[in-house]
1. Please check which bits of segment 210-238 a label hung off residue 82 would reach, taking the label as a point 7 Å along Cα-to-C-beta and the cut-off as backbone N under 16 Å.
2. Check the straight Cα-Cα distances from residue 201 and name the lysines below 24 Å, setting aside those fewer than 8 residues away within the same chain.
3. Which cross-chain or sequence-distant (5 or more) residues have an amide H under 5 Å from the amide H of residue 136, H modelled 1.01 Å from N in plane?
4. Among rounded, prolate and oblate, which fits segment 199-266 when a ≥ b ≥ c are the square roots of the eigenvalues of its C-alpha gyration tensor, a/c under 1.5 means rounded, and a/b larger than b/c means prolate?
5. Go ahead and run the numbers for FRET between residue 227 and residue 164, Cβ-Cβ distance against an R0 of 22 Å, rounding to 0.05.
6. Could you put 234, 141, 117 in order, starting from the residue whose Cβ has the fewest other Cβ atoms within 10 Å?
7. Rank these for me by crowding, 218, 266, 68, going from fewest to most other beta carbons within 10 Å.
8. Cβ neighbours within 10 Å, averaged per peptide: list 76-89, 252-265 in order, most packed at the top.
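Where a number appears in this text, it was derived from the coordinates with a stated rule and is not lab data. Everything numeric here is computed off the predicted structure, so don't read it as measured data. We place every Cβ from the backbone using ideal geometry, glycine too, and count neighbours over all the protein chains shown.
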Amino acid sequence: MHFPRWRVLARASLLVGVFTLTSCQGTFVPVRDGETVNTETVNTETVDTEAVNAETGNGGEQKGGTATFVPLMDGETLNGWEQKGGRARYAVEDGAIVGHNAAVSPNSFLCTKKHYSDFILEYEFKCDADLNSGVQIRSNSLPEFKRGVVHGYQVEIDPNQPERMWTGGIYDESRRGWLYPGKGGGDAEKFSAQGIRIYKKGAWNQVRVEAIGASIKTWLNGEPRADLEDDRTSSGFIGLQVHGEGWNHKPQAVRWRNLRIQEIQTGQ
C-alpha cells in the first residue's frame, strides 16, 4: 500500500521516540465539517517529545495529543454561527465579528454550531468603554434549563467596570455567578490590580483560554489570569456575548478577530 510522504515520515519518527508535527504555510479554508484545507505547501518538522515538555504560546501547558489551530470564522460571513437570545446585532466588519448592543434586550449570544470539549482557544477583542461582554466556553442552551437560556463558563470582558477590571476572569453565566475570582479561588483585590495594569483600553487585547479536563486557565495580553478547577460542564459551544441593555442604553459595540481553536485529544 502506498502512503503519502508525511505518513511515512511520521511512522519512521515514532520508531525513534519522536513524533511529527505538521507546520502549514498558506491560507486555511474552513469547510463544512469544521476541518481546514491548506491551499499551499505543507512542511513537516520533527519534534522530540521528551525535550518539548508541551510548551504552548503564552506559557500554557498542553496536555494530551497534538492538533493544529483552526479558525472559527472566515473573515467574511457568520457561517458556522447562530444567535441565541437577545436583540443585539452581529455582523462581520473589516474581518472582525462585531456585536452591536440594542435597547431593551436581554443578553445576546452568537454561538458556534459545533460543540467543543478540551481545547485551547485564542482571540483578540476590542470593547467600547461602557459595554460589558464576554466569551462563553463549554456553554449550552437546553430546553429543560430555564427555557433554553444560555448558561456556562464565561471569560469576562468588563471595561464598563474600570475600577474592578476582572477581564479574563471566569463567570458562570445564569448559574453560580463568579467562579474566579470567587467561589473557585483567586484574590479579588490582586486580580483587579493586575487587570487594571495590563488591560489595553480602546485597543485590541489578546486572550488565551485552555480548557482541558477540569482545568480552565486564561491569559490576558500574555499574563496568566484565571486558574480554575471545576467539572460542572465538560462540553459545549463557544459564544460571543453582548450584555443586555435597558431603555436608556448608549450605542456600544464589541469586536472579536483572529478567533481560532485547537482541539486537544486527551489520554493519547
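1. It comes to 236-238, nothing else.
2. 126, 190, 217, 250
3. Correct list: 155, 239, 240, 241.
4. Prolate is the answer for segment 199-266, as a/c is 1.5 or above and a/b outweighs b/c.
5. 0.70
6. 234, 117, 141
7. 266, 68, 218
8. Working: 76-89: 16.3, 252-265: 19.4.
Output ranking for 76-89, 252-265: 252-265, 76-89.
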